Amino acid sequence: MTISDTIFAAIDFESAGEAPGQTDAPVQAGMACMKGPEMMVDTFFRSYLNPRRSVTWAARRVHGITTEQLHCAPEMSALWPEFRNRLAGRVVVAHSAGTEKRFLRLFPVHGFGPWVDTLTLARRAWPGLPDYSLEALAEALGFSLELDALCPRLKFHDALYDAVASLLVLRTFVHAAGLWDHPPGAIPG
């Protein structure tokens with residue numbers, strides 16, 4: 001199988017933030033798929049998640065999600081079928097994947113992967129950039145307008161927007177490296 005034939009599934013979480021005596025918890029999940037270079041817009045998924053705790057002021061300042069918005073949201077465990085259907089059997093993509101891997105531990109033995117961390121990939125592919133945030137990469141790599149068109153009315157630190165941005169980082173790398181006819185294992189990181 002080549003990269004052109006591979007379905008990549010990106011995931012991103014926004015969190016409630018760390019607070020004394022409380023562990024961090026996801027408050028929003030976003031997932032999107034890309035087959036080869038083509039975005040699979042019909043796979044885009046976004047949901048608030050009820051963390052059963054308050055969102056910290058610092059986290060709310062980053063993503064704008066309030067505790068009040070989450071009262072009627074499902075708990076993450078209720079969305080297991082969504083996660084399984086969208087991530088199982090696919091190459092999973094995330095920007096700084098540690099957070100996503102940590103939150104997915106709620107589903108033991110889920111078996112999602114292999115993983116591509118677009119933060120690690122970007123640092124290897126474009127050394128010397130002053131900033132490797134998704135926002136800075138969108139600007140540096142020239143896909144900001146496409147990202148806005150794919151996710152209208154959303155912005156960075158929205159889980160779906162960030163998931164799609166991760167796929168665009170990956171697609172930009174694969175195109176620049178000329179790897180479309182290579183196996184997915186040719187993607188470093």
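The values are calculated or read from the model by the stated rules, or taken from the named source; none is laboratory data. Since we're looking at a predicted model, the values are computed, not measured. All Cβ positions, even for glycine, are placed from backbone atoms using ideal geometry, and neighbour counts span all protein chains on display.
For the reader, a short list of remarks on this structure follows.
- The helices (runs of 4 or more DSSP H) found wholly in segment 95-189 and carrying at least 2 residues that are of a type in the set (Asp, Glu) and more than 14 Å from the chain's Cα centre (by Cα) occupy 144-150.
- Test: residue in segment 32-47 that is closer than 22 Å to Pro152 by Cβ, aromatic (Phe, Trp, Tyr) and either at pLDDT below 95 or in contact with a strand residue (DSSP E or B) (Cβ under 7 Å, 6 or more places away or on another chain) (or both): yes
- Cross-chain or 6+ apart pairs with Cβ under 7 Å, segment 1-14 first and small (Gly, Ala, Ser), then at pLDDT below 95: Ser4/Gly36
- Segment 37-61, subset touching a residue at least 60 places away in the same chain (Cβ under 8 Å) and surrounded by 15 or more Cβ atoms within 10 Å (Cβ to Cβ), residue farthest from Thr2 (Cα to Cα): Arg46
- Some residue of segment 157-164 being surrounded by 21 or more Cβ atoms within 10 Å (Cβ to Cβ), farther than 15 Å from His95 by Cβ and in contact with a Phe, Trp or Tyr (Cβ under 8 Å, 6 or more places away or on another chain): no
This table checks each residue for (1) at positive phi; (2) of a type outside the set (Lys, Arg); (3) in contact (Cβ under 8 Å) with a residue 24 or more places away in the chain.
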site: Trp126; (1), (2), (3): no, yes, no
site: Pro130; (1), (2), (3): no, yes, no
site: Ala136; (1), (2), (3): no, yes, no
site: Ala140; (1), (2), (3): no, yes, no
site: Ala159; (1), (2), (3): no, yes, yes
site: Phe173; (1), (2), (3): no, yes, yes
site: Gly178; (1), (2), (3): yes, yes, no
site: Pro188; (1), (2), (3): no, yes, yes
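- Among residues that are within 30 Å of His175 (Cα to Cα), in contact with a helix residue (DSSP H, G or I) (Cβ under 8 Å, 6 or more places away or on another chain) and not in a strand (DSSP E or B), Ser54 is not included.
- Any hit, segment 15-37, residues being over 17 Å from the mean Cα position of the chain (by Cα), over 30 Å from His182 (Cβ atoms) and assigned to a strand (DSSP E or B): yes
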